[in-house]
1. Can you name the condition, by its number, that residue 120 falls short on among (1) under 19 Å from residue 13 (Cα atoms); (2) of a type in the set (A, V, I, L, M); (3) exposed (fewer than 10 other Cβ atoms within 10 Å of the Cβ)?
2. Go through region 31-42 and count every residue that is outside any loop (DSSP other than H, G, I, E, B), closer than 15 Å to residue 90 by Cα and touching a Ser or Thr at 6+ places or on another chain (Cβ under 7 Å).
3. Just checking, does region 20-30 include any residue being assigned to a strand (DSSP E or B) and modelled with pLDDT of 90 or more?
4. Which one of the conditions (1) at pLDDT below 95; (2) among the aliphatic types (A, V, I, L, M); (3) surrounded by 15 or more Cβ atoms within 10 Å (Cβ to Cβ) does residue 93 fail to meet, given that it meets all the rest?
5. Quick check, is residue 90 more than 15 Å from residue 114 (Cα to Cα) and in a loop (DSSP other than H, G, I, E, B)?
6. Evaluate the following for residue 86: is it in contact with a strand residue (DSSP E or B) (Cβ under 6 Å, 6 or more places away or on another chain), more than 12 Å from residue 47 (Cβ to Cβ) and free of Cβ contacts under 8 Å to residues at least 60 places away in the same chain?
7. Tell me, yes or no, whether region 3-18 has at least one residue that is surrounded by fewer than 18 Cβ atoms within 10 Å (Cβ to Cβ), of a type in the set (Ser, Thr, Tyr) and without any contact (Cβ under 8 Å) to a residue 40 or more places away in the chain.
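The values are calculated or read from the model by the stated rules, or taken from the named source; none is laboratory data. Quantities reported herein were computed from a predicted structural model and do not represent experimental measurements. For neighbour counting, all protein chains shown are included, and Cβ atoms are generated from backbone atoms with ideal geometry for every residue, glycine included.
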Amino acid sequence: MIFLSTYINKIDAKGRVSVPSSFRSVLEESGYKGMICYPSPTLNSVEGCGYNRIKKLSDTIDALGPFSSERSAFSTSLLADSHQLSFDTEGRVILPNKLVEFANIKERVSFVGMGETFQMWDPDKYSEFQDETFKQSQESLANLKWNND
């Protein structure tokens with residue numbers, strides 16, 4: 001299963017946000033009732049994924065060599081800033097303040113399916129980003145390669 005669609009959920013007075021049920025289903029496939037989140041290295045959003053994906057990312061970083069500067073940079077910017085968030089009984093999590101501030105999230109969160117991962121945005125910021133990337137994707141659509149299995 002993969003993460004699909006976009007959902008907008010409110011953050012309650014205690015700072016909890018409900019994770020969309022379809023996202024929770026994908027995340028719980030690995031046996032962990034929660035998610036991993038970290039600041040996006042390229043966007044003003046929070047990246048989210050399951051344990052299997054963060055393990056794959058960690059293995060890729062480890063393959064860079066034990067003393068490489070790239071390994072140190074990726075480990076610091078991705079793994080050290082990652083947070084493991086467990087679902088409560090109602091499928092909610094509390095996003096860490098550091099991540100909320102990074103993505104300028106206010107009262108609502110857009111959960112954006114991206115295949116193997118998902119992103120969390122301030123809904124207004126995501127709408128702006130979506131408008132920009134729609135034009136880019138239209139121009140690049142002819143370059144999309146299909147795997148004919």
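1. The one condition residue 120 does not meet is (3).
2. Let us first name the residues in region 31-42 that are outside any loop (DSSP other than H, G, I, E, B), namely 34-39.
This time we only want the ones that are closer than 15 Å to residue 90 by Cα, so: 34-35.
Next cut, touching a Ser or Thr at 6+ places or on another chain (Cβ under 7 Å) only: 34.
The qualifying residues number 1.
3. Initially, region 20-30 is screened for residues assigned to a strand (DSSP E or B), giving none.
Taking every residue of region 20-30 in turn, none turns out to be assigned to a strand (DSSP E or B) and modelled with pLDDT of 90 or more.
4. Among (1) at pLDDT below 95; (2) among the aliphatic types (A, V, I, L, M); (3) surrounded by 15 or more Cβ atoms within 10 Å (Cβ to Cβ), residue 93 violates only (1).
5. Details: more than 15 Å from residue 114 (Cα to Cα): yes; in a loop (DSSP other than H, G, I, E, B): yes.
Yes.
6. Working: in contact with a strand residue (DSSP E or B) (Cβ under 6 Å, 6 or more places away or on another chain): yes; more than 12 Å from residue 47 (Cβ to Cβ): yes; free of Cβ contacts under 8 Å to residues at least 60 places away in the same chain: yes.
Here the answer is yes, as residue 86 does meet what is asked.
7. No, that holds for no residue.
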